[in-house]
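*Asks:* I have a structure I would like to understand better, so I am pasting it below and will then ask my questions one at a time.
The values are calculated or read from the model by the stated rules, or taken from the named source; none is laboratory data. Quantities reported herein were computed from a predicted structural model and do not represent experimental measurements. Positions of Cβ are backbone-derived with ideal geometry, glycine not excepted, and every protein chain shown enters the neighbour counts. The area values use the complete protein model at the heavy-atom level, side chains included, leaving out ligands, DNA and RNA. Shrake-Rupley method; radii C 1.70, N 1.55, O 1.52, S 1.80 Å.
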Amino acid sequence: MSRENRGFVRPIVYGVTALITVAGIAGYASVVAQGDGLNVLEICGIALFGLLFGWIAFSFTVATLGWWYLGKRTSSFASSSTAENLSPTAILMPVYNESPERVFAGITAMLKSLDAAGDSSTFDFYVLSDTTDHEIWLQEEKAWSTLTSTFTTARVFYRHRRENKSRKAGNIAEFCERWGGRYAYMIVLDADSLVEGATMIELVRRMDADDQLGILQVPPAPIGRHSLFARLQQFAAAAYGRIFVEGFAVWAGSDGNYWGHNAIIRIEPFLQNCDLPKLPGKAPLGGEILSHDFVEAALMRRAGWKVELATDLGGSYEECPTTLADYAKRDQRWCQGNLQHARLVVSENFHPLSRFHFSSGVMAYVASPLWILFMLTSIGGAFVDHTRVNAAPPDQGVVEPASFRDAFGSVTGATILFIISMSLLLLPKVFALTSISADSSLRRSFGGSIRLWASGLIEISFSILMSPIMALFHSRFVLSTLSGFNVKWNAQQRDEQGVSWREAASQFASFTLLGCIGLLIGWWLAPAWLIWFSPLLVGLIFSIPIAVAMGSGWLGKCFRRFGFLLIPEEISPPAIAMWQMDAIHRAATEALIERPTMFESVIRDPVFHTLHTHIQLSTGGHAELSLHQSKAIEAAFAAGGAERIPVEIRNALLADLTTLKALHLQSQT
């Protein structure tokens, strides 16, 4: 979309959002004012409602815009099978204590996809390891060696960093400084990313065609998981995500955002302009920036480069968490990172839309405690009114007919506002389902109209039930961050895991208790307002069985067996996903063979020892221990073998090739 059209769209989005927000505030104010005037808590509630309702109104407007533009689109990208004279591009796979089998299975699948697309020479793969577990580190080396011996013509490089400095952002920055000069662009992936060869080729084509394009993001589609929670996420992304992403792309234009993976980046301006600043103060709100992607996009935009979304491109995939608890753990890391962005909103020289992206990232988590605060002020305001009426002298009391009418008017007004608010939340989903139903090809890819609409109803019902649970999680994360708790960024749980009743009770008993208390207080103080809070209370009261159901792979497979929550990638699986699964199954079969630990193998096996030594020397990973430490390790090995070497020193030993060689020679005698 041209800049002229963007200049026309943005005022419309802002204007419609403002009109809906003002109307909502006026309606809410009229409802709460039907009592005996407004008290302080009710005035605070009106202010909070205005902010939160405006957030909903903006999302609704952007989604409606996306639905409109998707309906006008007459063609989509068609991949080409040939690639000529493309600029050299690096494909980066940063990993941190991930399953090597899954990581290299993904790379295997992408190499096959590039071969099928007709280009295996433009792209080089880099596995950039920050792994701290010595066994996984050595498994990565073994898996890399196996892959490179299988794909002899492919260029796949592996590097392990001794120090996990600045996490993923520092990992990528080091690549740019050491090897970035060889390439025009880099495609950044996550450990669970898959991008089809044709998509990567088209990304490079578009970067070559527009020398002002700094970052081009391809929206990733979650696939490949089976728990009920994962299937709900996958269906929601496939069915509704299109209109939200399209609306965002139309509205933002060249002032878009970057999501940290499944995107192509121009290396030279990235290296020149995207060095992340350190925020003043201590963690969690100071120090190193955690959510680096928004900031890198803003820095690129500040330097005059375009940041855009390629909404017409498919072939971009990722995986999603499989349980509520795993989803919450990931959100806690993102919450801390996004709250740091509040300090960047007022920083100098950022583009106005970059400031808006920062604010949106903050609001994504702050909205939850604000909703809870709104609920408390509403109940508190009703309690003040209730106390005032009961304390009034008899001659100033409210006559019964007026009291009945006020109560009826309050209930009616609250009901109308509730319907309007829920409509703003749910109508975009209805728009999306309607547009899919109108397209015969799309409709079949979701299992047909009946299954599509039934799946939509199932997803909406569960999302309403889960929203208060996530609201409490987010509120806890915001408060813990503001109180100084610094979250640890551990490896994500990517395997399918169920949730036992005991685990669910341990994790969600407090949620159930809060729901029961809220129901009793609401019924006592303000029964007219329970219609507002009933979705929150039901979800909290039944949070334990909800958590068990969400983590159930059996339930997820039952829904699939009956054709519900289907996504196009299940009706017609992409070849790249099938290739990945084949590679994972082969690796799992080989892993069943009884073998010594990787650590023992690298000491005793001459071939593996030579491989590890070659990797360390080639990538600058060699670092010697002190003489005292080296002699102590040699003595421990002589006394009882590899098992006698303490676990906490093994990473350092693997980097000390001199001591490692001494142990290897000792093992051969």
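*Asks:* Amide H of Cys320: which non-local residues (sequence gap of 5 or more, or other chain) have their own amide H closer than 5 Å, using H built in the peptide plane?
*Replies:* Ile223
*Asks:* Something else about it: Take every Cα-Cα distance within the chain, group them into 10 Å bins from 0 onward, and report for each bin the whole-number percent of pairs it holds.
*Replies:* Result, from short to long distances: 3, 13, 22, 25, 19, 10, 5, 2, 1, 0, 0 percent.
*Asks:* Restricting things to alpha carbons, find the Rg to Rh ratio for the stretch 270-337 using the Kirkwood radius for Rh. Show your work: numbers first, answer last.
*Replies:* On the way: Rg = 15.6 Å, Rh = 14.7 Å.
With Rh from the inverse mean 1/r over Cα pairs, Rg/Rh is 1.06.
*Asks:* Okay, next question. Using 0.36 nm times the number of residues separating Ala29 and Leu482, minus their current alpha carbon distance, what extension gain do you get? It would help to have the intermediate numbers written out before the result.
*Replies:* Working: separation 453, 0.36 × 453 = 163.08 nm, distance 3.10 nm.
Gain on stretching Ala29 to Leu482: 160.0 nm.
*Asks:* From the phi of every residue in the stretch 239-244, what ³J(HN,Hα) in whole Hz does the Karplus formula 6.51 cos²θ - 1.76 cosθ + 1.60 yield, where θ is phi - 60° and glycine or proline is x?
*Replies:* 7, 9, x, 4, 6, 5
*Asks:* Quick one: accessible surface of Ser121, probe radius 1.4 Å, all protein chains present, in square angstrom to the nearest 10.
*Replies:* About 100 Å², ignoring ligands and nucleic acids.
*Asks:* What FRET efficiency comes out for the pair Thr610/Thr387, r = Cβ-Cβ distance, R0 = 60 Å, nearest 0.05? Walk me through the numbers on the way to the answer.
*Replies:* Details: r = 81 Å, r/R0 = 1.35.
The calculated FRET efficiency here is 0.15.
*Asks:* Also, quick follow-up: Quick one: net charge around Gln234, please, counting Lys, Arg +1 and Asp, Glu -1 for every other residue with C-beta under 11 Å from its C-beta.
*Replies:* On the way: positive: Arg225, Arg231, Arg560; negative: Glu318, Glu319, Glu459, Glu569, Glu570.
Residues close to Gln234 contribute a combined charge of -2.
*Asks:* I would also like to ask the following. Give me, ordered by chain and number, the residues 5 or more places off Ile289 or on other chains with an amide H under 5 Å from its own placed amide H.
*Replies:* Here the answer is Leu279, since their amide H atoms fall under 5 Å of that of Ile289.
*Asks:* Could you give the nm distance between label points at Gln272 and Trp554, where each point is 7 Å from its Cα heading toward the beta carbon?
*Replies:* So the two model labels end up 6.1 nm from each other.
*Asks:* Counting only Cα atoms, I'd like the Rg/Rh figure for the stretch 557-638, Kirkwood definition for Rh.
*Replies:* Values: Rg = 22.6 Å, Rh = 17.8 Å.
Across the stretch 557-638, the Cα-based Rg/Rh ratio is 1.27.
*Asks:* Same structure again: Any lysines with Cα under 19 Å of the Lys278 Cα? List them, leaving off those in the same chain fewer than 8 positions away.
*Replies:* Straight-distance partners of Lys278: Lys165, Lys168, Lys488.
*Asks:* Between Thr589 and Arg330, what FRET efficiency follows from the Cβ-Cβ distance if R0 is 35 Å, with the result rounded to 0.05?
*Replies:* Details: r = 30 Å, r/R0 = 0.86.
The calculated FRET efficiency here is 0.70.
*Asks:* In whole Hz and in residue order, list the ³J(HN,Hα) couplings for the stretch 338-353 that follow from phi through the Karplus curve 6.51 cos²θ - 1.76 cosθ + 1.60, θ = phi - 60°; x for Gly and Pro.
*Replies:* Along the stretch 338-353, the couplings run 5, 5, 4, 5, 4, 6, 8, 4, 9, 6, 6, 6, 7, 5, x, 6 Hz.
*Asks:* Can I ask one more? Quick one: what are the phi-derived ³J(HN,Hα) couplings along the stretch 257-271, Karplus 6.51/-1.76/1.60 with θ = phi - 60°, whole Hz, x for glycine and proline?
*Replies:* Result, ordered by residue: 9, 10, 9, x, 7, 6, 9, 10, 10, 6, 5, 4, x, 4, 5 Hz.
*Asks:* Taking H placed 1.01 Å from N in the peptide plane, check which residues at least 5 places from Thr132 or on another chain put their amide H under 5 Å from its amide H.
*Replies:* Asn97
*Asks:* Ordering Glu98, Glu141, Glu590, Glu135 by accessible area with a probe of 1.4 Å, largest first, what comes out?
*Replies:* On the way: Glu98 20, Glu141 0, Glu590 105, Glu135 40 Å².
Ranked list, largest accessible area first: Glu590, Glu135, Glu98, Glu141.
*Asks:* With labels modelled as points extended 7 Å from the Cα through the Cβ direction, what inter-label distance (nm, one decimal) is found for Asp582 paired with Ala639?
*Replies:* Each label point lies 7 Å from its Cα, and together they span 5.2 nm.
*Asks:* Could you report the accessible area of Phe564 in Å², rounded to 10, computed with a 1.4 Å probe on the protein chains as they sit in the structure?
*Replies:* The accessible area of Phe564 comes to roughly 60 Å².
*Asks:* Based on alpha-carbon centroids, what's the gap between the stretch 418-449 and the stretch 505-564 in Å, whole number please?
*Replies:* 25
*Asks:* Ordering Thr659, Thr153, Thr148 by accessible area with a probe of 1.4 Å, largest first, what comes out?
*Replies:* Values: Thr659 5, Thr153 120, Thr148 40 Å².
Result, largest first: Thr153, Thr148, Thr659.
*Asks:* I've got another one for you. I need the calculated FRET efficiency for the pair Asp133 and Leu373, taking r as the beta carbon distance and R₀ as 45 Å, to the nearest 0.05. Numbers along the way, then the final one.
*Replies:* Values: r = 42 Å, r/R0 = 0.93.
According to the calculation, E is roughly 0.60.
*Asks:* Right, another one. Per the 1.4 Å probe, what fraction of the accessible area of the chain, in percent, lies on carbon and sulfur atoms? Kindly include the intermediate steps, with their values, before the conclusion.
*Replies:* Numbers: 18460 of 30070 Å².
Reported share for carbon and sulfur atoms: 61 percent.
*Asks:* Still on this structure, please answer the following. What net charge do the residues around Thr64 carry, taking every other residue with its C-beta under 14 Å from that of Thr64, with Lys and Arg at +1 and Asp and Glu at -1? Could you put the intermediate results ahead of the total?
*Replies:* Details: positive: Lys72, Arg242, Lys429; negative: Glu246.
That sum, taken over residues with Cβ under 14 Å, equals +2.
*Asks:* Can I ask one more? Would you mind checking the radius of gyration and Dmax of the stretch 138-258 based on alpha-carbon positions, in Å?
*Replies:* When restricted to Cα atoms, the stretch 138-258 yields Rg and Dmax of 17.8, 47 Å.
*Asks:* Additional query: Can you tell me how much longer the chain between Ile531 and Arg502 gets when fully stretched, taken as 0.36 nm per residue apart minus their C-alpha distance, in nm with one decimal? List each step's numbers first, then the result.
*Replies:* Working: separation 29, 0.36 × 29 = 10.44 nm, distance 3.17 nm.
Between Ile531 and Arg502, full extension yields an extra 7.3 nm.
*Asks:* Once you put a point 7 Å from the Cα of Asp211 and another 7 Å from the Cα of Ser618, both along the Cβ direction, what distance in nm separates them?
*Replies:* 3.5
*Asks:* Hey, quick one: spin label on Lys165, modelled 7 Å out along Cα-Cβ, who in the stretch 616-635 has an amide N within reach, i.e. under 18 Å?
*Replies:* Label zone hits: 619-624.
*Asks:* Length gain on complete extension for the stretch Trp524 to Ser441, per 0.36 nm per residue less the alpha carbon to alpha carbon distance? Working shown, then result.
*Replies:* Values: separation 83, 0.36 × 83 = 29.88 nm, distance 5.28 nm.
Full extension from Trp524 to Ser441 adds 24.6 nm.
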